[in-house]
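S.K.: Encoded as C-alpha cells, here's the structure I'll be asking about.
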Amino acid sequence: MAGSALSRVPDVQIDGDGVFKYVLVRVRGAGAPAKDVVRGYSWAEYHADLFERTAEELARHGLSCECLGGGRLSHRPEERKIHVYGYSVGFGRADHAVTTEKLKAEYPDYEITWADEGY
C-alpha cells in the first residue's frame, strides 16, 4: 500500500511563475524505498511553512518525510528558465544538483541552472 501511495506523490510541485522558497523533501512509506520531491510556493513566508504543509498532506496517505534543505527558485516561464539558489536558515541548503535534476525531468524544455550563492 505504501509503495503505491509513494508512487502517486508528484516529484515536483512548484508555482508557475515568480521567485519563491522551496524545500527538498525525502518521502518514505512503510517498507517502500524513499524518494525525494521538490515543493515550492510563493505563499510560504518560511521554508518551514512549505515543509509542514507537505508533511501534513503526505501523512494523510500514510507517508512520512524529512526535510533535506531548502533554497529559492526563480521561475520564468515566458523565458522557459528556472534558477535554483540560496538556502534555508532553518533547514540548511538543499542539494541544488538533486533539485535541478528533478526540475529537468518535469520541465524538459526549460533551461535550468543552479548556484550555491545568494539567499
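The values are calculated or read from the model by the stated rules, or taken from the named source; none is laboratory data. Fair warning: this is a prediction, and the values are worked out from it, not measured in the lab. Backbone-built Cβ (ideal geometry, glycine too); neighbour counts: all protein chains shown. Accessible surface is based on the protein model in full, side chains and every heavy atom, while ligands, DNA and RNA are left aside. Shrake-Rupley method; radii C 1.70, N 1.55, O 1.52, S 1.80 Å.
S.K.: Between GLU106 and ALA34, how high is the FRET efficiency from 1/(1 + (r/R0)^6) when r is the Cβ-Cβ distance and R₀ = 22 Å? Nearest 0.05.
M.R.: 0.70
S.K.: Okay, next question. Could you work out the local net charge near SER88, counting Lys and Arg as +1, Asp and Glu as -1, over the other residues with Cβ closer than 14 Å to its Cβ?
M.R.: The answer is -2.
S.K.: Residues with beta-carbon under 12 Å from that of ILE14, excluding ILE14: net charge, scoring Lys, Arg +1 and Asp, Glu -1?
M.R.: 0
S.K.: While we're looking at this one, here's another question. Using a basic spin-label model with each label point 7 Å from the Cα along Cα→Cβ, how many nm lie between GLU57 and VAL98?
M.R.: Placing both labels 7 Å beyond Cα along the Cβ direction yields 1.9 nm.
S.K.: 222 nm [θ] for the chain, helices only, -39500 (n - 2.57) per DSSP H run of 4+, per residue, to 500? Show your work: numbers first, answer last.
M.R.: Details: 3 runs with 30 residues, N = 119.
That comes out to -7500 deg cm²/dmol.
S.K.: Under a 1.4 Å probe, what is the accessible area of the stretch 63-119 per residue, stated in Å²?
M.R.: Accessible area per residue: 52 Å².
S.K.: Let me ask something additional. Between rounded, prolate and oblate, where does the stretch 70-119 land on the alpha carbon gyration tensor, with a ≥ b ≥ c its root eigenvalues, rounded for a/c under 1.5, else prolate if a/b exceeds b/c? Spell out each step's value before the answer.
M.R.: Details: a/c = 2.64, a/b = 1.75, b/c = 1.50.
Verdict is prolate for the stretch 70-119.
S.K.: Report the chymotrypsin sites (Phe, Trp or Tyr not before Pro) located in the stretch 32-111 that are in a DSSP loop and have at most 11 other Cβ atoms inside 10 Å of their Cβ, or state none.
M.R.: Sparse-neighbourhood loop chymotrypsin sites (Phe, Trp or Tyr not before Pro): TRP43.
S.K.: Oh, and also: Restrict the search to the stretch 1-43; then list the trypsin sites (Lys or Arg not before Pro) that DSSP places in a loop and that have at most 14 other Cβ atoms within 10 Å of their Cβ.
M.R.: Answer in residue order: ARG8.
S.K.: Same structure, new question: Please work out which option in [x] -0.33, -1.10; [y] -0.22, -0.87; [z] -0.37, -0.90 gives log10 I(q)/I(0) by the Debye sum over Cα atoms at q = 0.09, 0.18 Å⁻¹ calculated from these coordinates, and answer with its label.
M.R.: [y]
S.K.: Let me ask something else. Roll a 1.4 angstrom probe over the protein heavy atoms and tell me the percent of accessible area of the stretch 22-101 that is carbon or sulfur.
M.R.: Working: 1840 of 3820 Å².
Answer for the stretch 22-101: carbon and sulfur cover 48 percent of the accessible area.
S.K.: Let me ask something additional. Looking at the chain, which longest stretch skips every one of the GluC sites (Glu not before Pro) that is in a DSSP loop with at most 14 other Cβ atoms within 10 Å, leaving the sites themselves out?
M.R.: 1-44
S.K.: Here's something else I'd like to know. Quick one: which residues, 5+ away or cross-chain, put their amide H under 5 Å from the amide H of TYR87? H built at 1.01 Å from N.
M.R.: Amide H to amide H, under 5 Å and 5 or more residues apart or across chains, TYR87 pairs with ARG72.
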